[in-house]
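The values are calculated or read from the model by the stated rules, or taken from the named source; none is laboratory data. Values in this document were obtained by computation on a predicted structure and should not be read as measured data. Cβ: placed from backbone, ideal geometry, glycine included. Neighbour counts: every protein chain shown.
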Amino acid sequence: MSEISLPNSPLAAQEILSALKRDAAGLVCAVVQDAETRDVLMVGWMNEEALQNTLREGRVTFFSRSRQQLWRKGDTSGHVQLAHRIRLDCDGDALLIEVTQTGAACHTGTRSCFAERDLPLTENAS
Ligand SMILES: [Zn+2]
């Protein structure tokens with residue numbers, strides 16, 4: 001993984017942009033992890049501007065695919081995410097963001113988006 005740490009980014013802005021492999025809509029997937037508990041909290045999408053804002057402010061900003069606009073986490077809900085570390089994955093199409101989460105990460109009110117919907121995995125799976 002290449003590391004984009006805050007606040008002293010070892011990758012320059014231009015290097016970050018050239019390393020990012022955005023999808024056809026210009027987005028990369030962002031996995032958000034609790035920096036302390038290591039729980040996976042949620043998954044969102046970022047365009048270039050959302051990532052740049054996040055790197056600059058330390059407040060996690062996504063791009064909302066449904067509303068087609070930037071969405072800074074916590075602005076309406078108060079459930080702010082402060083970024084501590086941002087890493088780019090091996091092929092540049094996903095980000096891992098370690099955060100301090102205020103309140104619930106999920107809009108349903110649970111701390112994690114992955115809290116309540118276990119799927120039945122076959123007993124033969126190991
Ligand atoms: Zn959710």
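Which ones in the range 45-54 are within 11 Å of Ala30 (Cα to Cα) and in contact (Cβ under 8 Å) with a residue 24 or more places away in the chain? Within the range 45-54, Met46, Asn47, Leu51 qualify. Residue pairs whose Cβ atoms lie under 7 Å apart, separated by 6 or more positions or on different chains, with the first residue in the range 55-70 and more than 15 Å from Trp45 (Cα to Cα) and the second modelled with pLDDT of 95 or more, are Gly58/Leu82; Gly58/Ala83. Checking each residue in the range 74-89 for being part of a loop (DSSP other than H, G, I, E, B) and either under 11 Å from the mean Cα position of the chain (by Cα) or within 20 Å of Ala12 (Cβ to Cβ) (or both) picks out only Asp89.
In summary, Gly103 fulfils each of the numbered conditions (1) exposed (fewer than 15 other Cβ atoms within 10 Å of the Cβ); (2) touching a residue at least 24 places away in the same chain (Cβ under 8 Å); (3) away from the ligand (no atom under 13 Å from the Cβ); (4) at positive phi with the single exception of condition (3).
Going residue by residue through the range 55-64, is there one that turns out to be surrounded by 15 or more Cβ atoms within 10 Å (Cβ to Cβ), among the polar types (S, T, N, Q) and either assigned to a loop (DSSP other than H, G, I, E, B) or in contact with a Leu (Cβ under 8 Å, 6 or more places away or on another chain) (or both)? Scanning the range 55-64 turns up at least one residue that is surrounded by 15 or more Cβ atoms within 10 Å (Cβ to Cβ), among the polar types (S, T, N, Q) and either assigned to a loop (DSSP other than H, G, I, E, B) or in contact with a Leu (Cβ under 8 Å, 6 or more places away or on another chain) (or both). Every test in (1) buried (at least 16 other Cβ atoms within 10 Å of the Cβ); (2) modelled with pLDDT of 95 or more is passed by Leu70 save one, and that test is (1).
Checking Met46 against (1) within 16 Å of the ligand (Cβ to nearest atom); (2) under 18 Å from Glu15 (Cβ atoms), only one condition comes out false. Which one? So the condition that Met46 fails would be (1). Scanning the range 94-117 for residues that are acidic (Asp, Glu) and at pLDDT 95 or above yields a single hit, Glu98.
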